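Heads up: the structure comes next, in structure tokens.
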Amino acid sequence: MIAVTAATAVLADPAAAREVIRKPDLSVWGSDGHFQGYSAAQTLDLSSDVENATFTAKVAGSIDDPTYNFELNLNQKPDEQVAANRALGVGASWNAREAAIRSSLARSFGFGLLPKANYVRLSMDMNATQPVYVRGRMPETRANVRSELTLDGRPVASIAVGGGTTGQEGVDFSLTRPFDIPAEFTVSLRAADERVQDGRLMVKLVRSTW
């Protein structure tokens, strides 16, 4: 009933339709004068006063082997007190070979006298892939959890953990611009079968002013 009412309102008001239905994204490509593939995406803007919401349907690939994809993204709008503190995304895709689902969730917790600039942000990403032609097999899954600390509008540190059915469990710890040094230091550890297979320290220069 809600969907029918919304569709009726859009058809009755062309201005509303222009706001909800964004311009399609269309492209084709080829090689040596021959058609190779195409991509077509349509996005609906379902935003409200408190939330940005978009739904995107996409098909891409060749005519004989297309991949279909759907995505829904919700982002809370900031207000006078705190910055946007909630985001949610879900998606699915499939073709003749495999099917996949994805989801993401993020939330920020502001604190102190400047909750827009001081906050801890937690995010989680999950995905699962299943071959279509394989029966009785567990899907390949993976999940990543990340926490980021921001003080006075500047990212300070982050820690992330991840793993899945394919192994490759890992932990990343990143320290950004310590003591006003324009660099980011990241320690990354990767393990398989309870043994550390890869450990590294990475240094990346970052801009100290904008």
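Given H placed 1.01 Å from N in the peptide plane, which residues other than close sequence neighbours of A183 have an amide H under 5 Å from its amide H?
Residues meeting the amide H criterion: R177, V206.
Probe radius 1.4 Å, ligands and nucleic acids left out: which of Y133, Y119 has the largest accessible area, and how do the rest follow?
So, going from the largest accessible area down, we get Y133, Y119.
Going by amide H atoms built from the backbone, whose H comes under 5 Å of the H on L46, apart from near neighbours?
A53, T54, F55
Taking every pair of Cα atoms in region 29-147, average 1/r, invert it to obtain the Kirkwood radius, and report Rg/Rh to two decimals.
Ratio of gyration radius to Kirkwood radius: 1.11.
Taking all protein chains as present, what is the carbon and sulfur share of the accessible area of region 129-180, in % to the nearest whole number, probe 1.4 Å?
Carbon plus sulfur share of accessible area: 61 percent.
Check cross-link reach from K58 to the lysines: straight Cα distance under 29 Å, and skip same-chain residues fewer than eight apart.
Hits, sequence-local ones excluded: K23, K77.
Run the quick spin-label model on R107 and V132: label points 7 Å from Cα toward the beta carbon, then report their separation in nm to one decimal.
Spacing of the two 7 Å Cα→Cβ label points: 3.7 nm.
Label-point separation (nm) for R200 and Q36, each offset 7 Å from Cα along Cα-to-Cβ?
2.9 nm
Let me check I've understood the local charge: for A53, count other residues with C-beta under 15 angstrom from its C-beta, Lys and Arg +1, Asp and Glu -1. What total comes out?
Neighbourhood net charge equals -2.
Evaluate E = 1/(1 + (r/R0)^6) for L88 and L149, where r is the Cβ-Cβ distance and R0 equals 30 Å; express this FRET efficiency to the nearest 0.05.
Computed FRET efficiency for L88 and L149 comes out at 0.85.
The values are calculated or read from the model by the stated rules, or taken from the named source; none is laboratory data. Quick caveat: nothing in here was measured; it's all calculated off a predicted structure. Note: ideal-geometry Cβ built from the backbone for every residue, glycine included; neighbour counts use all protein chains shown. Side chains are part of the model used for accessible areas, which takes the heavy atoms of the whole protein and leaves out ligands, DNA and RNA. Shrake-Rupley method; radii C 1.70, N 1.55, O 1.52, S 1.80 Å.
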